[in-house]
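Below is one structure, written out as structure tokens, with a few remarks after it.
The values are calculated or read from the model by the stated rules, or taken from the named source; none is laboratory data. Values in this document were obtained by computation on a predicted structure and should not be read as measured data. Reconstructed Cβ throughout: ideal geometry from the backbone, glycine too, with neighbour counts over all protein chains shown. Quick note on the areas: whole protein, heavy atoms, side chains included, nothing else; ligands and nucleic acids left out. Shrake-Rupley method; radii C 1.70, N 1.55, O 1.52, S 1.80 Å.
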Amino acid sequence: MERLWYQGGLQMKLLFEIDKKDYREDGTVCIRPSVRGIIRKEGKLAMIYSRKYNYYKFPGGGIEQGESHEDTLIREVKEESGLDVIRESIESYGYVHRVQKGKIEDKFIQDNFYYLCDAGEESGEQQLDDYEDEEQFTLVYVTPVQAMEVNRSQVHGEKTENPGFQVMLERENRVMELLLRDFGDSFGA
């Protein structure tokens with residue numbers, strides 16, 4: 001049976017769940033929902049590449065208090081990539097439910113909402129957070145197969161052993177696998 005997420009008139013299907021079961025059930029909890037943009041162009045995806053740690057991720061980030069998914073998507077994609085998302089093109093794809101031990105809290109819960117969208121041709125300047133700048137985030141266009149190959153086979157420096165980082169890579173790779181399943185022809189697959 002398909003699981004759906006509902007809030008304020010929005011509906012989104014569950015793509016998959018990652019539950020590491022490595023947390024205290026009765027401990028402190030951090031809930032941090034986020035949005036991710038799936039921007040396809042000429043058989044490739046607009047991805048954020050960390051030059052420092054050699055990995056790919058979808059542009060996006062955390063939803064601020066009182067901010068809509070669409071507003072967050074537009075803001076986060078602009079900040080990380082410099083691309084302007086076209087609001088009218090935003091279409092829900094699905095969400096990933098993630099549960100694992102947090103860095104500080106006993107339990108970290110994150111619903112990652114993925115949206116198909118288009119962006120304007122021109123790329124503006126990135127507005128990176130300190131950690132994003134330190135990781136040398138840059139916008140690249142890459143096929144899902146190329147991104148997954150790097151994410152799965154390369155060494156990612158000190159991040160390699162980080163459980164949260166490993167779950168993020170697993171999440172991004174599994175979403176790319178679903179995109180290949182659903183839109184393989186547009187990626188030349």
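Observations, loosely collected:
- The listed residue being within 14 Å of Asp118 (Cβ to Cβ) and in contact with a helix residue (DSSP H, G or I) (Cβ under 9 Å, 6 or more places away or on another chain), out of Glu64, Glu70, Glu80: Glu70
- Residue within the range 106-118 that is over 28 Å from Val29 (Cα atoms) and either open to solvent by less than 10 Å² (accessible area, probe 1.4 Å) or of a type outside the set (A, V, I, L, M, F, W, C) (or both) present: yes
- Condition met for Arg98 (closer than 17 Å to Gln166 by Cα, basic (Lys, Arg), touching an Asp or Glu at 6+ places or on another chain (Cβ under 9 Å) and touching a residue at least 40 places away in the same chain (Cβ under 8 Å)): yes
- Within the range 22-41, the set of residues being open to solvent by 20 Å² or more (accessible area, probe 1.4 Å), among the hydroxyl-bearing types (Ser, Thr, Tyr) and outside any loop (DSSP other than H, G, I, E, B) is empty.
- Residue within the range 50-59 that is hydroxyl-bearing (Ser, Thr, Tyr), at pLDDT 95 or above, in contact with a helix residue (DSSP H, G or I) (Cβ under 8 Å, 6 or more places away or on another chain) and surrounded by 20 or more Cβ atoms within 10 Å (Cβ to Cβ) present: yes
- Here Lys103, Lys52, Lys57, Lys21 are screened, and the one residue that is farther than 18 Å from Arg174 by Cα and touching an Asp or Glu at 6+ places or on another chain (Cβ under 9 Å) is Lys52.
- Filter result for Glu91 (without any contact (Cβ under 8 Å) to a residue 40 or more places away in the chain and open to solvent by 50 Å² or more (accessible area, probe 1.4 Å)): yes
- Of all residues in the range 134-144, exactly one satisfies the criterion of being at pLDDT 95 or above and in a helix (DSSP H, G or I), namely Pro144.
Okay, residues lined up against (1) touching a helix residue (DSSP H, G or I) at 6+ places or on another chain (Cβ under 8 Å); (2) closer than 18 Å to Pro33 by Cβ; (3) aromatic (Phe, Trp, Tyr); (4) not in a helix (DSSP H, G or I):
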site: Val99; (1), (2), (3), (4): no, yes, no, yes
site: Tyr131; (1), (2), (3), (4): no, no, yes, no
site: Ala147; (1), (2), (3), (4): yes, no, no, no
site: Gly164; (1), (2), (3), (4): no, yes, no, no
